[in-house]
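The values are calculated or read from the model by the stated rules, or taken from the named source; none is laboratory data. Since the structure is predicted, the reported quantities are computational estimates derived from the model, not experimental observations. Cβ placement follows ideal geometry from the backbone for every residue including glycine, while neighbour counts extend to all protein chains displayed.
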Amino acid sequence: MDIQPIITDDDYRQKLREIDRLWGARRGTADAAKLDLLTTLVERYEEELYPIPKADPIGVIRFVMEQNDYTQRDLADVLGSRSRASELLNGKRELTLDQIRRLSRAWHIPAGALIGELEDA
């Protein structure tokens, strides 16, 4: 099995075609092993070339609001306070665990998306 690294977009497209050809290979076969290696290689290439930026919790809330035509009043209804909704959207307060739970349940947002990353020290 001769698998070369992905250096160019042509290499990338060729690997994707090979993955399509091998898709569904029976576990334990040489084709399945090759498929596993190729998908790992393509995944690594895509992560380097097209990194997904981390979203901040307020950005996630704003996105959900925009996609669902929710207003600040809708957010206040979930949080139980208009002032909390305002402070949150203006970056004056961080989400509490209770607010994360409420938003997650009410708006079906994964709780992990509402937990901000800690700054590196």
Checking Asp56 against (1) under 30 Å from Ala85 (Cα atoms); (2) surrounded by fewer than 14 Cβ atoms within 10 Å (Cβ to Cβ), the condition it does not meet: (2)
Residue match in region 57-68 (condition: more than 21 Å from Gly116 (Cα to Cα), over 22 Å from the mean Cα position of the chain (by Cα) and of a type in the set (S, T, N, Q)): no
Some residue of region 79-93 being crowded, with 16+ Cβ neighbours inside 10 Å, in contact with a Ser or Thr (Cβ under 8 Å, 6 or more places away or on another chain), closer than 30 Å to Ala111 by Cα and at pLDDT 95 or above: no
Any hit, region 32-47, residues being more than 19 Å from the chain's Cα centre (by Cα), charged (D, E, K, R) and within 30 Å of Ile3 (Cα to Cα): yes
Number of the condition not met by Ala25 [criteria: (1) part of a loop (DSSP other than H, G, I, E, B); (2) loosely packed, with under 13 Cβ neighbours inside 10 Å]: (2)
Residue that is farthest from Ile61 (Cα to Cα) [pool: residues in region 105-121 that are surrounded by 13 or more Cβ atoms within 10 Å (Cβ to Cβ) and at pLDDT 95 or above]: Ala106
Cβ-Cβ under 6 Å pairs, at least 6 apart or on other chains, region 55-69 side under 12 Å from Ile109 (Cα atoms), far side surrounded by 13 or more Cβ atoms within 10 Å (Cβ to Cβ): Pro57/Leu95; Pro57/Leu114; Pro57/Gly116; Val60/Ala113; Val64/Trp107; Val64/Ile109
